[in-house]
1. Output the number of residues of the stretch 156-185 satisfying the condition of being among the charged types (D, E, K, R), under 30 Å from L286 (Cα atoms) and either out of contact with any Ser or Thr (no Cβ under 9 Å at 6 or more places or on another chain) or surrounded by 16 or more Cβ atoms within 10 Å (Cβ to Cβ) (or both).
2. Suppose we keep only residues that are open to solvent by 40 Å² or more (accessible area, probe 1.4 Å) and either assigned to a helix (DSSP H, G or I) or touching a helix residue (DSSP H, G or I) at 6+ places or on another chain (Cβ under 8 Å) (or both) within the stretch 295-309. Which one would you say is modelled with the lowest pLDDT?
3. Within the stretch 227-235, does at least one residue satisfy the condition of being open to solvent by 30 Å² or more (accessible area, probe 1.4 Å), at pLDDT below 95, within 30 Å of L94 (Cα to Cα) and assigned to a helix (DSSP H, G or I)?
4. Which numbered condition trips up F98, out of (1) more than 20 Å from C303 (Cβ to Cβ); (2) touching an Asp or Glu at 6+ places or on another chain (Cβ under 6 Å); (3) not hydroxyl-bearing (S, T, Y)?
5. Since F98 meets every condition but one in (1) under 17 Å from R293 (Cα atoms); (2) at pLDDT below 95; (3) open to solvent by less than 10 Å² (accessible area, probe 1.4 Å), which condition does it not meet?
6. Is it the case that the stretch 116-123 has a residue that's aliphatic (A, V, I, L, M), open to solvent by 70 Å² or more (accessible area, probe 1.4 Å) and in contact with a Leu (Cβ under 6 Å, 6 or more places away or on another chain)?
7. Kindly list the number of the only condition in (1) open to solvent by 70 Å² or more (accessible area, probe 1.4 Å); (2) out of contact with any Asp or Glu (no Cβ under 9 Å at 6 or more places or on another chain) that fails for A32.
8. In the stretch 124-142, what residues are closer than 10 Å to A102 by Cα and hydrophobic (A, V, I, L, M, F, W, C)?
Amino acid sequence: MHEPDLNLLIALDELLADGSVAGAARRLGLSASAMSRTLTRLREAIGDPLLVRAGRRMVLTPHAEALRQRTQNVVHEARAILRPSMTEPDFPTLQRTFTIRANDAFVEAFGAPLIAAATAVAPRVQLRFAPKTEKTAAQLREGAADLEIGVLGEMGPEVRVQALFRDRFLGVVRKGHPLELEREVTAERYAAFGHVVASRRERPSGPVDEALAALGIERTIVAMVPSFPAALAVARASDLIALVPASFLGNPPEHQESALSSATFAFELPVKTEKITVSQMWHPRLEVDPVHRWLRQLVLTVCRQRVPL
């Protein structure tokens, strides 16, 4: 039986990732003509055109689209197998960049202690925090992100998940706001003021509104912003009430000692809502990577020190 040329997998991975012969050739250090000949061999081996012309550019065929993720995973696994075994990483000399997808609130609350903990052990490691524009496992599957941190969504059955901490929402107003003088904020008083909410998906209502509706009360949402830090900034400069995760403030409202406390006042919501679980997620191909395992433990330790599960 004729064995396939496994070197073609590397070329296939680059072609499917770049979507062009010229781009794949540059990434592999080959001439355009050599890459074209490789594409011809791939077409013969797979029995599909793979790349077809659409106007002035090349596009993947449906079969090529279906192969892209599988090919990427196979190539990544092959490279991991052929990488020198690293049972005990040499952290003082380790040079590696980790991409962590997390929202702004997580970075502001946990970024500094996480960076300090990482560089104390591995001074040449770089942490790159990337924004979460949507809840999807695509970045993890494609290797564009090493970790995803947030509330679990539709990430797919293969993604590994570890709970970091449980969080709840607090109401936050500026110092000197009328609500600061009240011993207990009632649902009626809470709804009497305007509100600013953080929503990437432009959905202003949520569990708080459902709980208020059960009491026959409706709050007025005056503004929507894309992040919790932005909501907090608006609340600090107005009479609006912001809804912010407790982990972002760093301390429970009765023990506020953070820098935020000098400009804001936080209070427990007058309605009960379910707590949310913040988790870290990663692709299974990184499960046994000793350095990635170290990073996951570092994130877990830093989060648990600040906010217990």
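1. 3
2. Among residues in the stretch 295-309 that are open to solvent by 40 Å² or more (accessible area, probe 1.4 Å) and either assigned to a helix (DSSP H, G or I) or touching a helix residue (DSSP H, G or I) at 6+ places or on another chain (Cβ under 8 Å) (or both), the one modelled with the lowest pLDDT is R306.
3. No, the stretch 227-235 has no match at all.
4. (1)
5. With respect to (1) under 17 Å from R293 (Cα atoms); (2) at pLDDT below 95; (3) open to solvent by less than 10 Å² (accessible area, probe 1.4 Å), F98 is out only on (2).
6. Scanning the stretch 116-123, I find no residue that is aliphatic (A, V, I, L, M), open to solvent by 70 Å² or more (accessible area, probe 1.4 Å) and in contact with a Leu (Cβ under 6 Å, 6 or more places away or on another chain), so the answer is no.
7. Going through the list (1) open to solvent by 70 Å² or more (accessible area, probe 1.4 Å); (2) out of contact with any Asp or Glu (no Cβ under 9 Å at 6 or more places or on another chain), A32 breaks only (1).
8. F129, A130
The values are calculated or read from the model by the stated rules, or taken from the named source; none is laboratory data. Treat the numbers as computed from the prediction; the structure is a model and nothing was measured. With ideal geometry, Cβ positions are generated from the backbone for all residues, glycine too; neighbour counts draw on all protein chains shown. Each accessible area value is taken on the protein alone, full model and side chains, heavy atoms only, with ligands, DNA and RNA left out. Shrake-Rupley method; radii C 1.70, N 1.55, O 1.52, S 1.80 Å.
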